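The values are calculated or read from the model by the stated rules, or taken from the named source; none is laboratory data. These figures come from a predicted structure and were not determined experimentally. Positions of Cβ are backbone-derived with ideal geometry, glycine not excepted, and every protein chain shown enters the neighbour counts.
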Amino acid sequence: MKFIKKAGLLIDSAFEKLTLLLLVALILVVTTQVMTRKLLNFVFFWSEEVTLLLLAWFAFMAISIGFREYIHLGIDSFTNLFSKGFNKVWDKVITVCTFAFGLYLVIQGWEFTVLMFDSTLPATKLPSSITYLAMPVMGVMTCGYSILQLFNINTTRHEGIEEGM
């Protein structure tokens, strides 16, 4: 059991670090693109394509981390009208729906990724499927977090994030 927990934390840490790396790369590419366009009247032929690729991956991975940290949209003013028992059951329903959403992304995202494998991005010549692969990756991570949350295992790694700290 200790090995599984350690492996899970290792995968989760790598996932989070990759997400942060994608954000930094996105900032660097966009900054370079803007600076070269404004200062040198020149744009790298690949910059817009790479920006869209990085943005897609960052967005999908950040959504999954949002599920992990319980920072998805919630309407407390509505749920506070109900009893704690009802809210506990409702939280389980939400977790099952989150799992279903992750599973949908795994299945449909993988099918779309395979479908797009034969086409290429025009500037970088990468397979178009690399953009869509973010969907099943996010789905797997979301399913994993949902299963842990369903069994009342705390998945948050950053305390105070939901309060905006």
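Descriptive notes on the structure:
- Only one of the numbered conditions (1) loosely packed, with under 14 Cβ neighbours inside 10 Å; (2) modelled with pLDDT of 95 or more; (3) not small (Gly, Ala, Ser) is not met by Glu159, and that is (2).
- Condition met for Gly144 (modelled with pLDDT of 90 or more and under 25 Å from Leu10 (Cα atoms)): yes
- Pairs where the first residue, in the range 120-141, is in contact (Cβ under 8 Å) with a residue 24 or more places away in the chain and farther than 17 Å from Leu105 by Cα and the second is crowded, with 19+ Cβ neighbours inside 10 Å and aromatic (Phe, Trp, Tyr), C-beta under 8 Å, 6+ apart: none
- Matching helices (runs of 4 or more DSSP H) fully within the range 1-100 where at least 3 residues are on the phi < 0 side of the Ramachandran plot, modelled with pLDDT of 95 or more and surrounded by 13 or more Cβ atoms within 10 Å (Cβ to Cβ): 2-40, 47-68
- Flag for Ser64 being over 21 Å from Tyr145 (Cα atoms) and among the polar types (S, T, N, Q): no
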